Amino acid sequence: MELYFEQNVTNKNVDEHKKRTKALVISKTVCLIFGIFVITTSGLLGDYFFNFFWIFLLFSVPFFVASYILGRINKRHNTEYDYVLDDELIRISEIYFRDRRKLKYTIRLRFIESVGVFDTEGYKKAERGVNKKILALVNYDDEQSVVYICYKTDKGVRQIIFLEPNRAFIMSLRRALSASALTVFDKSISDLEKRLDKKEQEEALLALESDDTDYEEDDVDDNTANNESDDADNGEQD
């Protein structure tokens, strides 16, 4: 039976800071235009163009650098991730502004050495001799929910990638690595699964209570409307 699971890691900043995103886009564009304007202005010098071109180019550099930095900041605040898991691979894609998608990382399951929670004893052992660390998450505050995967690339380079998987993704990864799950998964993963399970139950309970509240409010509104309608009818009869 083939295994397939996909998780989308959403970024709250995309919805909560739309005005900031627009402001950064405008600022980036303005800086870029000023940089281009400074360079093109040197063309008005005629015969002195080549003498002063490098000076104008030097003045334009801060605008281009500012445009690049603003673009990077805006991109970071509007980046989300897709984790796709099948029988052989984990594919991690970056999604920019909920519009553009780019496959960034591919992990072969057979090359995974260990999986655990960040900043645990298992992680400290795994990070020894690692050549590169990669971040593929949007929530940097909850370190207890950050999972590391230590693996080797096709070229034999040891890397660690940090993810924020949900409980369903972890369970699917366990199934995919069933043959080696006992040696690959750190004990911290079991504790994380319990926390995520408890969190999901609490969220489901809050959602249920919210639905009940909305239903009661609708009933109150309906009863109020009916009472007003009855009063109006009684008034007309009088």
Residue among 115, 61 that alone is aliphatic (A, V, I, L, M) and in contact (Cβ under 8 Å) with a residue 60 or more places away in the chain: 115
Residues located in the range 102-114, provided they are touching a Lys or Arg at 6+ places or on another chain (Cβ under 9 Å) and not charged (D, E, K, R): 103, 105, 106, 107, 111, 112, 114
Within the range 139-183, tally of residues that are within 19 Å of residue 127 (Cβ to Cβ) and basic (Lys, Arg): 2
Strands (runs of 3 or more DSSP E) (entirely within the range 80-155) containing at least 3 residues that are of a type outside the set (Val, Ile, Thr), loosely packed, with under 15 Cβ neighbours inside 10 Å and within 17 Å of the chain's Cα centre (by Cα): 100-108
Those residues of the range 67-76 which are crowded, with 18+ Cβ neighbours inside 10 Å and not hydroxyl-bearing (Ser, Thr, Tyr), in sequence order: 70, 74
Inter-residue pairs, beta-carbon under 9 Å, first of a type in the set (Phe, Trp, Tyr) and in the range 119-144, second assigned to a loop (DSSP other than H, G, I, E, B), 6+ apart: 123/186; 140/146
Selection from the range 133-153 of residues that are more than 12 Å from residue 115 (Cα to Cα) and in contact with a strand residue (DSSP E or B) (Cβ under 7 Å, 6 or more places away or on another chain): 133, 134, 135, 136, 137, 138, 144, 152, 153
Answer from 205, 182 - the residue that is over 27 Å from residue 87 (Cβ atoms), at pLDDT below 90 and open to solvent by 80 Å² or more (accessible area, probe 1.4 Å): 205
Any pair with Cβ under 7 angstrom, 6 or more apart, that starts in the range 160-182 at a residue that is more than 13 Å from residue 113 (Cα to Cα) and touching a residue at least 12 places away in the same chain (Cβ under 8 Å) and ends at one that is assigned to a helix (DSSP H, G or I) and open to solvent by 40 Å² or more (accessible area, probe 1.4 Å): 167/197; 167/200
Counted residues, the range 188-207 - those being farther than 24 Å from residue 115 by Cβ and hydrophobic (A, V, I, L, M, F, W, C): 4
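The values are calculated or read from the model by the stated rules, or taken from the named source; none is laboratory data. Please read all numbers here as calculations on a predicted model, not as lab measurements. Here Cβ is always computed from backbone atoms with ideal geometry, including for glycine, and neighbour counts include all displayed protein chains. The accessibility values were calculated without ligands, DNA or RNA, using every heavy atom of the protein model including side chains. Shrake-Rupley method; radii C 1.70, N 1.55, O 1.52, S 1.80 Å.
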